[in-house]
Amino acid sequence: MVSDILALPPTVEQRADALERAREVLGIVGLENYAQTRAGDLPIGLSRMVELGRAVCADPYLMLLDEPSSGLSKEESLRLAALLRAARDDDGESVLVVEHDMSFVMDLCDYLYVLDFGKLIAEGTPTDVRKDPAVQAAYLGEEIEEEQGASAP
């Protein structure tokens, strides 16, 4: 729009649309009761919902998330995963997640790439990745059978 190019103030209609979208997203992320609260005054779990809400407001094609469940309680992680699944399934958004919380990832993702110290050690569905011996060794502390045989005299 010309008004955007010229950095003109938004019209009354644009402001009303933005306010309506903000209220809609507050409902989606469960923050309607905090509409008048400064984001910086919210606890970390609710702050994450604000971050997700900001992203959702832009109607992204792709969301890139780095450690989104970090610092969240189990309950907050489950809620975040449900919201991300809804964004993916209902709104058609793609979500790329970098995360160390394996239960969060396994519950959320359709397809995984697993890295260990920057090296790809497995890829596939959560079911396939969960069974992979290299993943079990890297993330569950179990030895890979091949290595056990190789280390025997």
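Things worth noting here:
- Within the range 111-136, considering residues that are of a type in the set (D, E, K, R) and either in the same structural domain as V56 (by TED's automatic domain parsing) or assigned to a helix (DSSP H, G or I) (or both), the one surrounded by the most Cβ atoms within 10 Å (Cβ to Cβ): R130
- Residue selected from the range 74-89 under the condition small (G, A, S) and farther than 14 Å from S47 by Cα, by the criterion surrounded by the most Cβ atoms within 10 Å (Cβ to Cβ): A81
- Residues in the range 97-110 that are assigned to a strand (DSSP E or B) and surrounded by fewer than 13 Cβ atoms within 10 Å (Cβ to Cβ): V98 only.
- Of all residues making up the range 33-73, the number that are surrounded by 15 or more Cβ atoms within 10 Å (Cβ to Cβ) and part of a strand (DSSP E or B): 2
- Of all residue pairs spaced 6 or more apart or on separate chains, those with beta-carbon atoms under 6 Å, a first member in the range 100-129 that is on the phi < 0 side of the Ramachandran plot and a second member that is among the polar types (S, T, N, Q) and crowded, with 16+ Cβ neighbours inside 10 Å are D101/S69; F104/S69; F104/S77.
- Residues located in the range 36-85, provided they are in contact with a Leu (Cβ under 8 Å, 6 or more places away or on another chain) and more than 18 Å from V105 (Cβ to Cβ): I44, G45, L46, M49, V50, G53
The values are calculated or read from the model by the stated rules, or taken from the named source; none is laboratory data. These numbers were taken from a predicted model, which means no experiment stands behind them. So basically every Cβ, Gly included, is an ideal-geometry build from the backbone, and we count neighbours across all protein chains shown.
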